[in-house]
Amino acid sequence: MLSHHNVIAQCLQMKTITPPGSKTFLGALPLFHITGLIRFCNNPVHQNDEVILLPQFTMELTLKSVVEYQITELILVPPIVIRFTQDKIVDQYDLSSVKRISCGAAPLSREVIRLLAKRFPDAGFKQGYGMTESCGCLSSHSERFSSYDYAATVGDLIPSTEIKIVNDQGNELGYNKPGEILAKGPQIAMGYLRNEGATAESFDPDGFLHTGDIGSMNEEGLLSIVDRIKEMIKVKGIAVAPAELEDLLLGHPNVSDVAVVGKQDDYAGERPKAHVVLKQGVEKSEAVGRELIQYVKERKVRFKWVKEIEFTDSVPKSASGKILRRVLKERERSGLRGFVVRENKKARARL
């Protein structure tokens, strides 16, 4: 349940992280998602801004609109950011008006950030973190951190927002120590409609919301997200973050997209499995699969090694760009599989 108070508080918070002169925005995100709703419906009315709403998303229409309306800040989600870095059609447009790239909803890999910086070398960059229960935003890069140098983080806290990072016992942790993020602020939802149990479970006695995300904060006040608690893969009791392996594999020249999930393993409990979309022109083959498995082995400790590679045509994602891991797990349970390459038995025996 989001109140009028929650929404207005978020609009006031957005004002503090919006650069002076940014008055026209391109609405390329769906309005049924919290980011689209707040950024392109509520906030513009509150701030007297102009929004150019696209009837549907296409790269051509988006690029034409950026040029026609001289958009200075692009508010995007990862799937669209990836299109900006990979689609050749982007080269046909003069995007020099863009002074800042804003992204949220899901993490960007280091490789995508590198390509984005190459595409927009003079633009500032900010990445936001939040959820529907926080009206969309808890943290974002403020002006002093608005560059690609800080892109591996999700910025500093927006005004009037508190967080604490706790371990499994609920004890607060210090700087650079990962734990669950709990948040409190005027933008935090009142609870869940007609579900007192879920509301009670989601808030601690001090009124902090359990986000379900694992993260850490450094001495500069910059927040980093490790992964979702429920998405962590437990290998012999050791937590492995899927995002870490996804970030690594996206750096391989043959990989266009990837999603990592846990796969049941009689010996280790779970092992990482990577669903890989290959770049155009790269054929699915045993050799390419072996190469990717070896690529991970050479760069990660043993318990993070990938058990198998499954080639797929696309990674299922929500409208906001979040990987739908449950869909991949459901496919696995139903027996639907593509071209699969497994590690050799010798490597498995040594785990």
All conditions in (1) touching a helix residue (DSSP H, G or I) at 6+ places or on another chain (Cβ under 8 Å); (2) crowded, with 19+ Cβ neighbours inside 10 Å; (3) of a type outside the set (K, R) are true of M59 except (2)
Just one of (1) at pLDDT 95 or above; (2) out of contact with any Cys (no Cβ under 7 Å at 6 or more places or on another chain) trips up I38, so point out which.
(2)
Determine the pairs where a residue that is in contact (Cβ under 8 Å) with a residue 60 or more places away in the chain, located within the stretch 241-264, has a partner that is hydroxyl-bearing (S, T, Y) with Cβ atoms under 7 Å apart, the partner being 6 or more residues away or on another chain.
E246/S109; D247/S109; L250/S109
Can you find even one residue in the stretch 159-173 that is modelled with pLDDT under 95, farther than 18 Å from I101 by Cα and touching a helix residue (DSSP H, G or I) at 6+ places or on another chain (Cβ under 9 Å)?
no
So, of the residues in the stretch 173-224 that are acidic (D, E) and surrounded by 13 or more Cβ atoms within 10 Å (Cβ to Cβ), which turns out to be nearest to G128 (Cα to Cα)?
D213
Consider L336 against the criteria (1) assigned to a loop (DSSP other than H, G, I, E, B); (2) surrounded by 13 or more Cβ atoms within 10 Å (Cβ to Cβ); (3) aliphatic (A, V, I, L, M): it satisfies all of them except one. Which criterion is unmet?
(2)
Exactly one of K284, K304, K322, K297 is closer than 30 Å to L76 by Cα, touching a residue at least 24 places away in the same chain (Cβ under 8 Å) and out of contact with any Lys or Arg (no Cβ under 6 Å at 6 or more places or on another chain), and that one is K322
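The values are calculated or read from the model by the stated rules, or taken from the named source; none is laboratory data. If you're wondering where the values come from, they're calculated on a predicted model, not measured in any experiment. Neighbour counts are summed over all protein chains in view; Cβ atoms, including those assigned to glycine, are modelled from backbone coordinates with ideal geometry.
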